[in-house]
1. May I ask you to verify whether I250 is crowded, with 20+ Cβ neighbours inside 10 Å and either of a type outside the set (G, A, S) or at pLDDT below 95 (or both)?
2. Name the strands (runs of 3 or more DSSP E) wholly within segment 93-133 that hold at least 1 residues that are open to solvent by 30 Å² or more (accessible area, probe 1.4 Å)?
3. Of all residues being in a loop (DSSP other than H, G, I, E, B) and within 16 Å of ligand 1 (Cβ to nearest atom) in segment 164-186, which is farthest from G130 (Cα to Cα)? Just the residue, please.
4. Kindly evaluate L209 against the criterion of being over 30 Å from N76 (Cα atoms) and either surrounded by fewer than 21 Cβ atoms within 10 Å (Cβ to Cβ) or within 15 Å of ligand 1 (Cβ to nearest atom) (or both).
5. Check whether at least one residue in segment 216-238 is open to solvent by 40 Å² or more (accessible area, probe 1.4 Å) and either within 12 Å of ligand 1 (Cβ to nearest atom) or farther than 23 Å from A99 by Cβ (or both), and report yes or no.
6. Considering each of D6, D77 in turn, give the residue that is acidic (D, E), part of a loop (DSSP other than H, G, I, E, B) and either open to solvent by 20 Å² or more (accessible area, probe 1.4 Å) or at pLDDT below 95 (or both).
7. Hey, could you check segment 134-187 for residues that are more than 15 Å from ligand 2 (Cβ to nearest atom) and within 16 Å of G238 (Cβ to Cβ) and say which is nearest to the chain's Cα centre (by Cα)?
8. Out of S152, S193, report the one residue that is open to solvent by 40 Å² or more (accessible area, probe 1.4 Å), within 14 Å of ligand 1 (Cβ to nearest atom) and touching a residue at least 12 places away in the same chain (Cβ under 8 Å).
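The values are calculated or read from the model by the stated rules, or taken from the named source; none is laboratory data. Computed from a predicted model, the values in this text were never measured in an experiment. For neighbour counting, all protein chains shown are included, and Cβ atoms are generated from backbone atoms with ideal geometry for every residue, glycine included. Surface areas here come from the heavy atoms of the whole protein model, side chains and all, with no ligands, DNA or RNA. Shrake-Rupley method; radii C 1.70, N 1.55, O 1.52, S 1.80 Å.
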Amino acid sequence: MIITIDVGGTKISAALIKGTKVIKVRKVDSIIHQDLANLASYLVNLCEGWAEQAFTVAVACTGLVGAERVNFLSANDSLPLKQQLEIGFGLPVVMLNDAAAAAWAEYTLRLDRTDNTLAYITVSTGVGGGIVQNGKLVMADDGFCAHIGHMSVSRPDLPVIECHCGRFNCVEALSSGTAIANQASSILNKGVSCKTVFNEHLSHPEIALLLEQATDSIVELIANIRALTGTRVVVLGGSVGSTNLFQERIKTKLKALPKIYHVELLAPVSGEHADLIGAALYAGSVIG
Ligand code: ADP
Ligand code: ZN
């Protein structure tokens, strides 16, 4: 069995996984913004009693995740999490970005897949992704790889918005749940979540335009990814990306692109434990 841990900004989940079957799950609040120094021991404690049954530990983690270290964008220093966890668990540890883990889950679990290249995009609090190219998950030593939310997109009809990373018109600044909520809140003059925008304010003309821009930006991103990787399959997930509104609108808009950019847009199949299962499958393929 494999111990898998999904380290997010608000929640941390851990599971004991056999193949693709989740045997046990535990969930706690995240501490990455409060107590990074104790993260490793927090994770080891969360998995108490499991190490004896497992042969490896797989970690899907938000932020810049290299093979050895992680860097949560809000923290200045990177953390040698792999080494800390190997000492704590007494087991080999494999780390990868959470969206990369979900990409691997989609790639591995999709029985209808005919290509060996696939791009996964998640639109949720932020915009992230993972690329499987010719059967290999694309990664970088410092973890800054496939962070597709920070690819900038331009069209004459898109507004110019500064991203928190310091560049302009990153997809994350135009299409993320946070971006939609922020822009809608200033249009409506009250604080609203992205979910509320989708449920209650779609008939407002300025909000409707906002959603056109958000989905146009994802379409531009998909065209860029297609040009870079040659992928013919794009899986669009995340709380915002999985909505019918995003799926249907983006599918329609993709058809208007020049034919060379056309891809098959799919909803995810790997479910609520995508990151956990993807990390376990990936660690299993690396450790053997
Ligand atoms: P995460 O997926 O990042 O763990 P949540 O799913 O709680 O966190 O929410 C992330 C973002 O997705 C928020 O901006 C939230 O408003 C938005 N969101 C969640 N569910 C929906 C939905 N059904 N429709 C539109 N936006 C949603
Ligand atoms: Zn950015």
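1. yes
2. Of the strands (runs of 3 or more DSSP E) lying wholly inside segment 93-133, those with at least 1 residues that are open to solvent by 30 Å² or more (accessible area, probe 1.4 Å) span 127-133.
3. Among those residues, the one meeting the criterion is H164.
4. So L209 passes the test.
5. Checked segment 216-238: no residue is open to solvent by 40 Å² or more (accessible area, probe 1.4 Å) and either within 12 Å of ligand 1 (Cβ to nearest atom) or farther than 23 Å from A99 by Cβ (or both).
6. D77
7. Across segment 134-187, the extreme among qualifying residues is G177.
8. Going through S152, S193 in turn, the sole match is S193.
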